[in-house]
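Below is one structure, written out as structure tokens; the observations come after it.
The values are calculated or read from the model by the stated rules, or taken from the named source; none is laboratory data. Because the structure is predicted, anything quoted here is derived from the model rather than measured. Glycine gets a Cβ as well: all are built from the backbone with ideal geometry, and neighbour counts include every protein chain shown.
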């Protein structure tokens, strides 16, 4: 009897809307289990391989802590340890590493590399960030919204800033969780055109942030210069000067609108110095929820991949 192919999580489109909602609800349950001090260890003797070509704070801590809390172990492999595609072929790395661990997460530059790795892996592969997508962050974001405001279905979200991997993942989220998305990006920094076109029924480009946030239930931003774009920092600061999220901009959104940022944040640039302390900001809840959402995701991929 052949072993079923593993389920992977490379973008939000890899799970159905029902499966994604299961993960969100399970994340909330796992958060409560942890806060109650209940021991829950379904991953005893199981190992998570963590491959990092890009550095991280929240991604490493949340995945490593999550695996430990569920009774498993995590192995950290930095770019010095693996060097995907720069030495050993990806197919060889995928086959060898996946023969020794139970689940793998990869944080790297090229999305194609993650796709190729998953194609040859014997175990589930999670995209923990590529230049194109950051789906794990979206799980945490949706969980945070659900906890504070209930279902995001039918709501309006506004993305302010760079048309980057987070913006792309919010477009996928709009499709999977059924909400409207306004995008406020300056010329020269727009998101992927094909992705915009394929989501034209629910994604609207409104480049002026003051117009884009009107009626929004959630406003989200990110750093203007992502990892690997440090040499563009000055040019980007000039281009994004009118795209700062501050309390005055939030005042144009719905009265109960929330503000999110995936961190790290640069106060005085993409957000004002006082935005983090604004009562509409749920940034720290959002950051903590990386832990719970990823625990739920790993539980789904390892224990329930065919049941939802």
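Residue count for the range 22-67 under the criterion of being closer than 14 Å to residue 299 by Cβ and either in contact with a strand residue (DSSP E or B) (Cβ under 8 Å, 6 or more places away or on another chain) or part of a loop (DSSP other than H, G, I, E, B) (or both): the result is 9.
If you go through the range 248-260 one residue at a time, do you hit one that is modelled with pLDDT under 95, loosely packed, with under 15 Cβ neighbours inside 10 Å and either over 21 Å from the mean Cα position of the chain (by Cα) or not assigned by TED's automatic domain parsing to the domain that holds residue 43 (or both)? No, there is no match, as no residue in the range 248-260 is modelled with pLDDT under 95, loosely packed, with under 15 Cβ neighbours inside 10 Å and either over 21 Å from the mean Cα position of the chain (by Cα) or not assigned by TED's automatic domain parsing to the domain that holds residue 43 (or both).
Annotation: of all residues in the range 226-247 being part of a loop (DSSP other than H, G, I, E, B) and either without any contact (Cβ under 8 Å) to a residue 24 or more places away in the chain or not assigned by TED's automatic domain parsing to the domain that holds residue 188 (or both), the one that is nearest to residue 161 (Cα to Cα) is 241. No other residue among 10, 84 is touching a residue at least 60 places away in the same chain (Cβ under 8 Å) and in contact with a strand residue (DSSP E or B) (Cβ under 8 Å, 6 or more places away or on another chain) apart from 10. Scanning the range 281-291 finds one or more residues that are part of a helix (DSSP H, G or I), exposed (fewer than 14 other Cβ atoms within 10 Å of the Cβ) and under 23 Å from the mean Cα position of the chain (by Cα). The listed residues are 76, 145, 43, and the only one of them that is assigned by TED's automatic domain parsing to the domain that holds residue 257 and at negative phi turns out to be 145. In the range 118-137, the residue that is farthest from residue 165 (Cα to Cα) out of those that are in a helix (DSSP H, G or I) and touching a residue at least 40 places away in the same chain (Cβ under 8 Å) is 118. Counting only residues that are at pLDDT below 90 and in contact with a helix residue (DSSP H, G or I) (Cβ under 6 Å, 6 or more places away or on another chain), which one in the range 81-95 is farthest from residue 53 (Cα to Cα)? Step by step, filter the range 81-95, then rank; the result is 85.
Yes/no per residue for (1) within 17 Å of residue 7 (Cα to Cα); (2) out of contact with any helix residue (DSSP H, G or I) (no Cβ under 9 Å at 6 or more places or on another chain); (3) assigned by TED's automatic domain parsing to the domain that holds residue 209:
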{"residue": "48", "(1), (2), (3)": "yes, no, no"}
{"residue": "51", "(1), (2), (3)": "no, no, no"}
{"residue": "55", "(1), (2), (3)": "no, yes, no"}
{"residue": "58", "(1), (2), (3)": "no, no, no"}
{"residue": "61", "(1), (2), (3)": "no, no, no"}
{"residue": "72", "(1), (2), (3)": "no, no, no"}
{"residue": "101", "(1), (2), (3)": "yes, yes, no"}
{"residue": "124", "(1), (2), (3)": "yes, no, no"}
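Look at residue 67 and say whether it is modelled with pLDDT of 95 or more, closer than 21 Å to residue 286 by Cα and in contact with a helix residue (DSSP H, G or I) (Cβ under 6 Å, 6 or more places away or on another chain). Judged against the criteria, residue 67 is not a match.
Listed here are the residues, each with its yes/no results for (1) under 9 Å from the mean Cα position of the chain (by Cα); (2) outside the structural domain of residue 295 (by TED's automatic domain parsing); (3) surrounded by fewer than 24 Cβ atoms within 10 Å (Cβ to Cβ).
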| site | (1), (2), (3) |
| --- | --- |
| 141 | yes, yes, no |
| 149 | no, yes, yes |
| 153 | no, yes, yes |
| 157 | no, yes, no |
| 160 | no, yes, no |
| 163 | no, yes, yes |
| 167 | no, yes, no |
